[in-house]
Every structure is written in structure tokens, then in C-alpha cells.
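Here's the structure, in C-alpha cells; my notes come after.
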Amino acid sequence: MTLQLAQRLERTEGSANAAFVEARARLMPDIGAAWRDIDGTYAMFDGLESPLTQSFGLGLFSKVTDGHLARLEEFFAGHGGIPQHEMSAIAGNAALEPLAARGYRPVELSTVLYQPVVLPVTAQSPPSLQVRHVGPEAIELWAQTSAAGWGETPEIAEFMLRFGRVLAAASGCITFLAEWDGLPISAAAMAIHHGTALLAGATTIPAYRGRGAQSALLQARLQYAHSAGCDLAMMAAEPGSASQRNAEREGF
């Protein structure tokens with residue numbers, strides 16, 4: 001992967017998350033959600049418990065220095081948050097020393113997958129399975145379906161319901177539902193930035209897994225991205241996970 005490609009992928013994800021933070025600020029102003037571009041690194045505060053309270057693009061658009069990290073930390077401290085940074089390996093070994101010197105340590109790894117967008121050959125789906133793009137009128141239905149797929153416990157389900165309502169309302173977020181005999185069983189989302197389609201948020205209600213909903217949602221989003229003029233699609237997954245293996249089978 002080249003630096004130019006890494007920058008493109010990172011900026012796509014960062015822009016989508018900035019739109020989410022702006023939606024949070026609009027819908028829930030009491031949280032104090034905000035984001036800021038600090039020398040090319042997008043610093044975001046989305047609440048103390050949000051996974052989006054972090055930075056995106058560290059080390060890809062400017063050098064990681066003690067001063068740069070201090071400015072990022074000042075942003076998070078000003079919002080009462082803990083500084084966390086999502087960083088590509090393309091940032092290089094030189095970025096590690098200033099991070100270590102300030103006490104940072106790695107806590108999570110992700111695999112970023114991508115592929116050129118071409119008109120996909122649509123696989124045959126069961127007659128009962130239908131996928132459709134849904135708009136603002138279906139935000140609540142989409143969020144409830146998504147939460148039912150992610151919610152392993154009532155607490156997680158409630159968190160994901162609130163999260164999904166904001167995600168579906170974010171500028172540029174494109175949402176999809178898969179239905180089985182008219183019943184929503186799976187949800188997914190996509191965002192587009194300068195010709196790159198970010199595929200995210202795909203989940204299926206446990207009782208309906210294994211029926212092809214995820215594959216159908218992926219194909220529908222790639223078709224949408226193609227029609228929108230995108231030439232690249234990307235997604236992120238836990239290294240070695242079923243999500244990564246599924247994506248690789250689809251060409252990522």
C-alpha cells in the first residue's frame with residue numbers, strides 16, 4: 001500500500017466519522033460532540049463512551065511529534081475525554097517513539113480491506129430475501145434492526161440503538177435493509193468520499209444468520225457505489241475474523 005492510497009482510505013473513514021459527530025452535535029447537543037482538523041489529523045469527541053472519541057489519520061498527513069500529540073491531547077482534555085488515536089502502519093516506525101514517550105500503548109488492531117469498484121455479478125438470493133436502500137423515513141426501523149443484530153445484551157442493544165439513530169441521520173450516510181418475507185432481518189450502511197465507498201455497520205439478527213443477507217447487502221452497496229461513480233470500496237474488520245474472511249471471499 002502506498003502513502004497516497006493510505007491517505008485516501010483514512011480520509012474516507014475520518015470524513016464519515018466527522019459527519020457522525022456533526023449529527024450527534026445536532027441531535028444531542030448536551031453531549032458536546034465536536035471535531036477538529038489538527039495538522040491533517042481529525043480529532044473527534046463524541047461522548048465519553050463512544051468508540052468515535054479518538055483521532056483519525058495520525059502520522060499520514062503530518063509528522064508525529066511531541067508538539068503535535070500535545071495539541072491533540074489538549075483537544076481531548078478540553079472535552080473531558082481520553083486521547084486515543086487510530087493510526088495506520090504506513091505512518092512508519094518514526095511515529096512510535098513520540099507515542100511511547102508520552103505513555104501510549106496499542107490496544108486494538110484492525111485490517112483495512114479494499115478493492116476496485118466494478119459492476120458486481122449479483123449472486124442468486126433466495127426468493128424470500130430482498131434488499132432495499134432506505135431513506136430518512138426509515139431511520140428508526142433501520143436503527144432498531146441494526147441494534148437487534150448487534151445487541152448481545154440489553155445494554156449493548158440500547159447503546160447500539162442510540163448509535164444507529166445518529167449514524168442513519170449523519171450527512172452522507174446511505175442505509176440499506178435486508179428483509180425476509182418483508183420482515184427486516186439485517187442492516188448495513190455506506191458512506192462515499194471522493195470516489196471511495198466506505199462499507200460499514202453490517203449486522204444480521206441472530207435468528208436469521210446464514211441466509212445470505214450479508215452477501216446480498218454487500219452486493220447492493222457495491223452496485224450503489226458503482227452507480228455513484230466510485231472506483232474504490234473499503235471496509236475494516238478484526239484481523240482473522242469471520243468478517244475479514246467473508247470480505248476476502250467477495251474480492252476485498
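Table for the structure above
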{"quantity": "Cα Rg, Dmax, the stretch 163-243, angstrom units", "calculated": "12.9, 37"}
{"quantity": "Selection from Leu96, Pro127, Val107, by position along the positive dipole direction of the stretch 11-143 (Cβ)", "calculated": "Pro127"}
{"quantity": "Amide H within-cut-off set for Ala197, under 5 Å, with H built and near neighbours excluded", "calculated": "Leu232, Ala233, Met234"}
{"quantity": "Dipole magnitude of the chain about its Cα centre (Cβ charges: Lys, Arg +1; Asp, Glu -1), debye to nearest 20", "calculated": "420"}
{"quantity": "Projected-area mean, the stretch 41-89, by convex hull of Cα positions, square nanometres", "calculated": "3.1"}
{"quantity": "The stretch 25-169, Cα convex hull volume normalised per residue, Å³", "calculated": "175"}
{"quantity": "Per-q log10 I(q)/I(0), the chain, q = 0.10 Å⁻¹ (Debye; single scatterer per alpha-carbon; no solvent)", "calculated": "-0.50"}
{"quantity": "Tail weight of P(r) past 16 Å, computed on alpha-carbon pairs of the stretch 207-250, percent", "calculated": "46"}
{"quantity": "Relative counts (whole %) of C-alpha pair distances in the stretch 104-193, using bins that are 5 Å wide", "calculated": "3, 12, 18, 18, 18, 18, 9, 3, 1, 0, 0"}
{"quantity": "Accessible solvent surface per residue of the stretch 1-135, calculated while the other protein chains remain in place, 1.4 angstrom probe, Å²", "calculated": "55"}
{"quantity": "Among Val107, Val166, Val131: highest mean-square fluctuation, GNM of the chain, C-alpha pairs under 10 Å", "calculated": "Val107"}
{"quantity": "Residue among Ala200, Ala18, Ala242 with the largest mean-square fluctuation in a Gaussian network model of the chain, springs linking Cα atoms under 10 Å", "calculated": "Ala242"}
{"quantity": "Percent of C-alpha pairs per 10 Å bin, the stretch 71-139, short to long", "calculated": "12, 26, 21, 19, 19, 4"}
{"quantity": "At least 15 Å along the helix axis (C-alpha) and Kyte average at least 0.0, DSSP helices within the chain", "calculated": "139-150, 154-169"}
{"quantity": "Dipole in debye (nearest 20) - the stretch 148-252, about Cα centre, beta carbon charges: Lys, Arg +1; Asp, Glu -1", "calculated": "80"}
{"quantity": "Point-charge dipole on Cβ atoms (K/R +1, D/E -1) for the stretch 29-68, about Cα centre, debye to 20", "calculated": "160"}
{"quantity": "Mean-position separation - Cα centroids, the stretch 24-39 and the stretch 194-252, in angstrom", "calculated": "28"}
{"quantity": "Distance cut-off 17 Å, percentage of C-alpha pairs in the stretch 1-92 lying past it", "calculated": "45"}
{"quantity": "Cα pair distances of the stretch 114-252 binned at 10 Å [whole percent]", "calculated": "12, 44, 38, 6"}
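The values are calculated or read from the model by the stated rules, or taken from the named source; none is laboratory data. Just so it is clear, the model here is predicted, and its values are computed rather than measured. Methodologically, a virtual Cβ is constructed for each residue, glycine included, from the backbone with ideal geometry; neighbour enumeration extends over all protein chains shown. Quick note on the areas: whole protein, heavy atoms, side chains included, nothing else; ligands and nucleic acids left out. Shrake-Rupley method; radii C 1.70, N 1.55, O 1.52, S 1.80 Å.
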